[in-house]
Amino acid sequence: MSDRSIAWLFVAPTIALLLAINIFPLIWMIRLSFTSLNLSMSYLPLRFVGLDNFRDILTDEDVWARLQTTARFVICSVMLQVIVGFGLALLINRRFRGHSFWTTIILLPMMLSPAVVGNFWTLLFQPQIGPFNYLISIFTGVPPSSFSMTGEVGLAPWTIVLVDTWMWAPYVMLICLAGLRSIPDYIYEAAEVDRASPWRQFWSITLPMTVPFLMLAVLFRAIEDFKMFDMVNLLTSGGPGSTTELVSITLKRAAFEKWRTGYSSALAIILFVTVFGAANIYVKALNRVKQR
Amino acid sequence: MTALRATTAHSIVEATPRAKAVAGTLVILYAVISILPLLWIAATAFKSQSDAIAYPPKMIFQPTLEGYVNLFTVRTRQTPDFIAKLPPATTWYDRLVRQHDMVIAGPSKVVPRFINSLIIGFGSTFLAVFLGTLAAYAFSRFKIPLADDLLFFILSTRMMPPVAVAIPIYLMYRQLNLTDTKLGMILLYTAVNVSLAVWLLKGFIDEIPREYEEAALVDGYTRLQALRKVVLPQAVTGIAATAIFCLIFSWNEYAFAVLLTSGEAQTMPPFIPFIIGEGGQDWPAVAAATTLFVVPIVLFTILLRKHLLRGITFGAVRK
């Protein structure tokens with residue numbers, strides 16, 4: 001066999017699988033987004049409604065509210081994860097005794113199933129019997145049953161940010177640590193010869209040289225948080241009211257509870273285009289930073 | 001020897017002992033706080049029902065295996081008279097259950113769900129790594145037209161929210177009778193994992209010098225023999241690391257599982273939250289299931305320690 005035919009033989013099964021499981025359904029979904037298909041009334045003939053679904057979504061104030069909720073969640077979570085993760089990376093990079101053992105411990109939360117995490121945090125957040133409120137009450141004196149982390153409009157949006165940060169700050173930490181370790185020692189030695197202060201060294205060497213890594217971490221985390229469904233669905237299932245209803249949860253309700261397939265296909269396409277577009281712009285910015 | 005130690009001690013990049021101590025204290029503090037929720041769950045699994053919902057939350061309690069027994073069995077409540085008339089309990093778990101006026105009616109669904117998780121996890125991992133190795137080898141060694149575009153296409157399939165992907169898959173599987181089947185879930189997870197496998201394995205194979213294969217080809221090996229006897233043995237660590245990442249994904253996945261399965265092919269993540277006792281969630285049993293479910297992940301994390309960074313960034317960052 002020629003190398004050329006081996007190459008195609010090797011790549012073809014993967015491409016075929018992705019075409020069957022990802023691309024064909026995507027094209028089908030694009031077609032459905034122009035219809036009024038509702039699976040709970042699938043006896044109705046398939047009716048093409050043009051861009052009606054897209055118009056309905058983009059003029060629906062509720063959808064915009066859910067998108068804002070999602071944006072706030074993404075921005076707050078990613079920022080907190082960057083602060084905590086980068087801070088931890090700086091500390092671990094001092095290579096104290098036993099740092100690699102403790103790093104492994106810190107990494108554990110991000111390896112867990114988000115759904116299982118969301119589920120067991122509901123126990124920890126129980127107002128009466130949960131240890132979280134109890135600990136807070138020990139430190140602040142607030143009675144433990146006077147507040148509910150998952151049940152209060154003011155607290156619930158922060159609760160999902162808190163759990164997401166608990167889970168994913170280690171992710172940012174691990175990537176930042178790689179960035180810090182990629183800085184060659186001689187740069188610091190040169191800075192020391194030039195008598196640059198530690199503060200100056202941080203701003204002129206450490207931070208700029210870690211930025212490409214940090215941006216990569218932000219990209220991955222932002223995409224994942226934008227897609228967030230499992231952890232929040234089990235922790236608050238969008239509640240109370242719709243204060244933590246991220247757009248993936250809205251999509252799930254439209255598609256699998258109201259069975260509005262045409263409408264939810266349109267919403268899914270809007271979300272995909274958003275992620276894809278944002279990721280592309282971000283990758284371009286990332287490449288510019290790397291080239292500097 | 002002393003000279004060497006002197007240079008390292010005065011090295012500029014090495015932190016001072018005091019800075020190290022401060023850093024160590026803060027990191028250990030964070031690690032301990034962040035691991036507490038997991039320890040709490042592991043402890044809850046050994047609590048009795050009443051200890052699990054006690055106020056204030058109990059840190060010291062009489063450990064019991066009730067949670068684990070409840071996880072694996074279905075029980076019915078009976079009158080004390082009825083239980084007194086039964087033949088004496090033969091096993092420790094029968095005795096444990098009867099103390100609460102209950103009788104074991106049969107096994108729960110946890111074992112089938114666990115087996116589903118294993119079959120779907122290993123099935124999709126095997127397929128994804130197999131397909132991924134072939135594709136990664138081709139991308140690494142041959143000139144493929146539009147290779148960068150194809151690789152980007154493979155990655156972009158990961159950018160869709162899973163709920164969005166599930167909508168057309170649900171319709172397609174209904175037509176093909178793949179809804180709630182293990183085969184359907186294996187194919188779906190393979191498709192998701194293969195993108196990770198191709199990207200990771202391409203990185204690993206790129207690192208193996210081409211000269212080895214070229215020497216083998218000169219010696220009269222065919223391409224396939226060279227791949228099997230020269231490249232694969234060198235890539236074994238990379239393949240194992242990739243396989244573990246795929247396995248962890250399939251093991252942990254929830255969105256597809258909850259939307260596309262209901263019984264036959266249901267895995268652990270959608271099952272665990274619905275372990276119900278009398279009057280709501282049976283927390284010790286939920287905690288027991290969570291513990292059993294999480295232990296393999298903890299072991300894998302320790303095994304993967306060196307390759308973790310690569311895996312979570314799709315091979316974008318290597319050490």
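The values are calculated or read from the model by the stated rules, or taken from the named source; none is laboratory data. What you see is a predicted model, and the numbers here were worked out from it, not measured in a lab. Heads up, the Cβs are rebuilt from the backbone with ideal geometry, glycines too, and the neighbour counts pull from every protein chain shown.
In region A:5-62, the residue that is surrounded by the fewest Cβ atoms within 10 Å (Cβ to Cβ) out of those that are among the polar types (S, T, N, Q) and more than 14 Å from chain B (Cβ to nearest Cβ) is A:T59. The number of residues in region B:222-231 being surrounded by 15 or more Cβ atoms within 10 Å (Cβ to Cβ) and away from chain A (no Cβ under 13 Å) comes to 1.
Say we look at region A:178-224 and pick out the residues that are within 23 Å of A:K290 (Cβ to Cβ) and of a type in the set (D, E, K, R); which of these is surrounded by the fewest Cβ atoms within 10 Å (Cβ to Cβ)?
A:D185
With respect to being farther than 24 Å from B:P269 by Cβ, more than 10 Å from every other protein chain (Cβ to nearest Cβ) and assigned to a helix (DSSP H, G or I), A:I270 falls outside the description. Scanning region A:43-73 for residues that are assigned to a loop (DSSP other than H, G, I, E, B) and touching a residue at least 40 places away in the same chain (Cβ under 8 Å) yields a single hit, A:V49. Taken together, the residues in region B:157-190 that are at the interface with chain A (Cβ under 7 Å from one of its Cβ atoms) and either at pLDDT below 85 or closer than 23 Å to B:F204 by Cα (or both) amount to 4. Could you list, in sequence order, the residues of region A:96-120 that are more than 7 Å from every other protein chain (Cβ to nearest Cβ), within 30 Å of B:A285 (Cβ to Cβ) and without any contact (Cβ under 8 Å) to a residue 24 or more places away in the chain? Listed by number, the list is empty, since nothing qualifies.
For region B:190-221, filtering for residues that are crowded, with 19+ Cβ neighbours inside 10 Å and hydroxyl-bearing (S, T, Y) leaves 2. Residues in region B:299-310 that are crowded, with 19+ Cβ neighbours inside 10 Å and in contact with a helix residue (DSSP H, G or I) (Cβ under 6 Å, 6 or more places away or on another chain): B:T301, B:L304, B:H307, B:L309. Only residues that are more than 10 Å from every other protein chain (Cβ to nearest Cβ), in a helix (DSSP H, G or I) and not hydrophobic (A, V, I, L, M, F, W, C) were counted across region B:268-290, and they come to 1. Looking across region B:20-65, just one residue is at pLDDT below 90, touching a helix residue (DSSP H, G or I) at 6+ places or on another chain (Cβ under 7 Å), in a helix (DSSP H, G or I) and more than 9 Å from chain A (Cβ to nearest Cβ), and that is B:Q49. Within region A:74-95, take every residue that is surrounded by fewer than 21 Cβ atoms within 10 Å (Cβ to Cβ) and either β-branched (V, I, T) or not in a helix (DSSP H, G or I) (or both) and give me the one that is nearest to the other protein chains (Cβ to nearest Cβ). For region A:74-95, the residue satisfying everything is A:R94. For region A:217-240, check the following and say yes or no: at least one residue is of a type in the set (A, V, I, L, M), under 25 Å from A:A278 (Cα atoms) and assigned to a loop (DSSP other than H, G, I, E, B). Yes: one or more hits.
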